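Here is the structure we will look at, set down as structure tokens.
What follows draws every value from the coordinates through simple rules; no lab data is involved. Source: prediction; values computed, not measured. Virtual Cβ from ideal backbone geometry, glycine too; neighbours counted across all protein chains shown.
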Amino acid sequence: MTLDLSDVTLTYPDGDARLTALNGVSLSVPPGTVTAVIGPSGSGKSSLLAVAATLIRPDRGRVVVAGVDTGGLDRAGAAALRRARIGIVFQQPNLIASLTAAEQLQVMAHLAGRPVRPARARAERLLATVGLAGQVDRRPHQLSGGQRQRVTIARALMNDPAVLLVDEPTSALDHDRGAAVLDLLVELTRERGTATVLVTHDRGHLDRADRVVEMVDGRLAVSTG
Ligand code: ADP
Ligand code: MG
């Protein structure tokens, strides 16, 4: 499996106590497949992605990304693994206001220590893949909400990640645009062989996923969708 979480427990400080956000969660995602995660607000979906992304270290349990047991990594090691192997799309398109669409992608190559010149061509190809061939030199304020979300998806793919983590990508979009973004994510997952985890509240689109799991109170249950 490309992404393996086993028996992961995560707590946050909560006054004098601890709040359990993830409670013994296990999840394995094969390459080239999409696992959709549904569940009510506050059930732990974003925490699950943060742990899978190595952004937060769990209290307990194992997180293995592309064959690397992340428990053995220090902060710098986790950051290097994240930049090289993990693509992340957050709920709100978090683009840098002063950079063009192509430059948003080139930054990722730069952060991963890759040469800038080939990165430009790759950025343009990826933007074309997500339907933004004509928008490569636009800045975020010159793009629609759906176009910005497509830039963040292309950006997440810039370093050819093994794992793609996507948090409610359609929440800022209308139904049709949301459906198009999900179709695009499924297509990219197949083409590129990423192990994709997609958090969504949009039950109407679940038939696109290979598997649907449900978070309830920090626990994971296989869902019928
Ligand atoms: P979801 O994405 O399903 O809405 P989250 O993973 O964001 O759920 O949150 C799960 C639980 O953890 C919630 O009770 C939330 O309030 C709490 N929580 C999330 N992030 C933090 C944090 N950084 N510090 C403290 N509590 C948090
Ligand atoms: Mg969330």
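A compact table of results
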{"item": "Within segment 127-225, trypsin sites (Lys or Arg not before Pro) in DSSP loop having at most 14 other beta-carbon neighbours inside 10 Å", "result": "none"}
{"item": "In sequence order, calculated HN-Hα J values of segment 102-118 (Karplus, 6.51, -1.76, 1.60; Hz; x Gly/Pro)", "result": "4, 5, 4, 6, 4, 4, 5, 5, 4, 4, 8, x, 9, x, 6, 5, x"}
{"item": "Residue among Asp137, Asp74, Asp183 with the largest mean-square fluctuation in a Gaussian network model of the chain, springs linking Cα atoms under 10 Å", "result": "Asp74"}
{"item": "Fraction of antiparallel bridges per DSSP, the chain only, in percent to nearest 5", "result": "55 percent"}
{"item": "Label zone at Tyr12 (point 7 Å along Cα-to-Cβ), backbone N below 16 Å, segment 19-39", "result": "19-23"}
{"item": "Segment 171-179 - phi-based ³J(HN,Hα) in whole Hz, Karplus 6.51/-1.76/1.60, Gly and Pro as x", "result": "5, 8, 10, 6, 4, 5, 5, x, 4"}
{"item": "Under 5 Å, built H, 5+ apart or other chain: amide partners of Gly39", "result": "Met215"}
{"item": "Projected label distance in nm at Ala179 and Glu191, using a 7 Å step from Cα toward the beta-carbon", "result": "2.1 nm"}
{"item": "Whole-number D in µm² s⁻¹ for segment 96-225, Kirkwood Cα-pair radius fed into Stokes-Einstein, 10 °C, 1.306 mPa s", "result": "102 µm²/s"}
{"item": "Extended-chain gain in nm, criterion 0.36 nm per residue less alpha-carbon gap, His110 and Ser26", "result": "26.9 nm"}
{"item": "Amide H within-cut-off set for Ile88, under 5 Å, with H built and near neighbours excluded", "result": "Leu165"}
{"item": "q = 0.09, 0.10, 0.11, 0.13 Å⁻¹: log10 I(q)/I(0) that the Debye formula gives for the chain, counting C-alpha atoms only", "result": "-0.35, -0.43, -0.53, -0.74"}
{"item": "Residue among Ala121, Gly24, Val89 farthest towards the positive dipole end of the chain, charges placed on Cβ", "result": "Ala121"}
{"item": "Fewest-first sequence of Val136, Val64, Val130, Val151 by Cβ atoms within 10 Å of each Cβ", "result": "Val64, Val136, Val130, Val151"}
{"item": "In order through segment 201-210: 3J(HN,Hα) via Karplus (6.51 cos²θ - 1.76 cosθ + 1.60), integer Hz, x for Gly, Pro", "result": "9, 8, 5, x, 9, 5, 5, 6, 7, 6"}
{"item": "The chain, dipole about Cα centre (Lys/Arg Cβ +1, Asp/Glu Cβ -1), debye to the nearest 20", "result": "780 debye"}
